[in-house]
Amino acid sequence: MKQIALSIAIIAAIATMTLLSSCKQNQQQQQEEANPEAPMLGKPSEVNYTIAKNYFIKNGAELPATHKITDQETFNQIFGMATTMGENGKPTEIDFDKDFVIAVETGLVQKETELIPSYLINHYDGQLVFHYTVKQGTDISYTIRPVLAIIVDKEYENLKIKVVQNQ
């Protein structure tokens with residue numbers, strides 16, 4: 001009697017595993033049929049970017065709530081060029097035909113402050129997640145508005161942007 005009960009339990013477990021596997025395959029097939037262009041949900045992958053150097057936020061300008069800037073006109077309304085002397089003094093060139101910008105800021109502060117990019121991840125769920133760190137130093141006698149802007153390939157422009165400040 002115990003052998004029959006054990007056999008039934010094993011058969012039930014195998015049937016349950018087969019059913020669950022079949023359901024997962026069916027979900028993947030439905031996702032592919034619904035949007036064959038969309039990548040399968042999978043392991044997130046890192047996305048390359050370039051830091052946009054030597055720019056500042058103009059007085060009274062606000063970054064978009066989406067953190068995304070997709071055209072030169074909008075960029076010019078928000079940012080000014082901070083050209084300096086020397087080899088690396090020119091602002092980074094941005095070609096909005098090929099790229100777009102993700103920008104974050106701290107707001108006004110009276111401390112030495114640096115925004116440091118950590119990484120940009122494509123989660124394959126319709127969003128890019130940009131991680132960065134804010135490093136603060138000593139107090140200063142004036143007010144600054146630190147900003148970090150990165151240049152990303154236009155291939156990712158239609159994805160929602162999420163920004164995460166690391167601790």
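Given the criteria among the acidic types (Asp, Glu), modelled with pLDDT of 95 or more and over 18 Å from residue 55 (Cβ atoms), does residue 153 qualify? Judged against the criteria, residue 153 is a match. Taking the condition touching a His at 6+ places or on another chain (Cβ under 9 Å), in contact (Cβ under 8 Å) with a residue 12 or more places away in the chain and either of a type in the set (Phe, Trp, Tyr) or not assigned by TED's automatic domain parsing to the domain that holds residue 160 (or both), does residue 119 pass? Criteria met by residue 119.
Across the range 93-111, which residue is surrounded by the most Cβ atoms within 10 Å (Cβ to Cβ) among those that are out of contact with any Asp or Glu (no Cβ under 8 Å at 6 or more places or on another chain), closer than 25 Å to residue 140 by Cβ and not small (Gly, Ala, Ser)? This residue is 104. The C-beta contact set for the range 80-101 (first residue more than 21 Å from residue 145 (Cα to Cα), second residue of a type in the set (S, T, N, Q), distance under 7 angstrom, 6+ apart or interchain) comprises 96/70; 96/72; 100/70.
Among the residues making up the range 135-167, those that are of a type in the set (A, V, I, L, M, F, W, C) and crowded, with 17+ Cβ neighbours inside 10 Å are 147, 148, 149, 150, 151, 152, 159, 161.
The values are calculated or read from the model by the stated rules, or taken from the named source; none is laboratory data. A quick note: this is a predicted structure, and the numbers were derived from the prediction, not measured. Here Cβ is always computed from backbone atoms with ideal geometry, including for glycine, and neighbour counts include all displayed protein chains.
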